[in-house]
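The values are calculated or read from the model by the stated rules, or taken from the named source; none is laboratory data. These numbers come from a predicted model, not from an experiment. FYI the Cβ positions are ideal-geometry reconstructions off the backbone, even for glycines, and counts take in every protein chain you see. When the accessible area is computed, the model is the full protein with side chains, heavy atoms only, and any ligands, DNA or RNA have been set aside. Shrake-Rupley method; radii C 1.70, N 1.55, O 1.52, S 1.80 Å.
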Amino acid sequence: MFRTGENNGNWKQETYRSTCFLHHKKECIICGEKNIVAVHHMNENKNDNRPENLIPLCPTHHQYVHSSYKHMVLPQIEKYIEEFLRMA
């Protein structure tokens, strides 16, 4: 028998995406894209789903973070995190 929801052993109540969008707007913090939004784990630890570690980015800017162009978006991300922590 197929088990769904809480009956499935792999089911998780909250995902990192739902946690992110509970605490952050569902839009890229760099360009404001609202249709397709990825979530970046700032410390790159996929098990660390604290809201301050989850950063909403469009796929393009998420790719920037994982490339040699990281320096182009990192200052804005760091400023966003500072403001987020100050408001918490």
Any residue on another chain or 5+ positions along whose placed amide H is under 5 Å from the amide H of His40 is listed here as Ile55, Leu57
Treat every Asp and Glu Cβ in the chain as -1 and every Lys and Arg Cβ as +1, leave all other atoms uncharged, and give the resulting dipole magnitude about the Cα centre to the nearest 20 debye. 180 debye
Could you tell me the convex hull volume per residue, in Å³, taken over the Cα atoms of the chain? 116 Å³
On the first, second and third principal axes, largest extent first, how far apart are the outermost C-alpha atoms of the range 41-88 in Å? 30, 23, 15
Difference of contour (0.36 nm per residue) and Cα-Cα distance, Glu83 to Asn43: 12.7 nm
Vicinal HN-Hα couplings computed from phi for the range 71-78 (Karplus, 6.51 cos²θ - 1.76 cosθ + 1.60; Hz; Gly/Pro x): 4, 7, 10, 4, x, 5, 5, 4
Expected field for Arg17, accessible surface area in Å² at 1.4 Å probe radius, rounded to 10, holds 80 Å²
With the full set of protein chains in place, find how many percent of the accessible area of the chain is carbon and sulfur; take the probe as 1.4 Å. 50 percent
How high is the relative contact order of the chain, in percent, counting Cα pairs under 8 Å that sit 6 or more residues apart? 25 percent
Given the rule -39500 (n - 2.57) for each run of at least 4 DSSP H residues, summed and divided by the residues of the chain, what is its mean residue ellipticity at 222 nm, to the nearest 500 deg cm²/dmol? -9500 deg cm²/dmol
Under the rule that an exposed site lies in a DSSP loop and has at most 11 other Cβ atoms within 10 Å, name the longest stretch of the chain with no GluC sites (Glu not before Pro) of that kind, not counting the sites themselves. 45-88
Give a residue-ordered list of calculated ³J(HN,Hα) values for the range 51-58 (Karplus: 6.51 cos²θ - 1.76 cosθ + 1.60, θ = phi - 60°; whole Hz; x for Gly, Pro). x, 6, 9, 9, 10, x, 9, 5
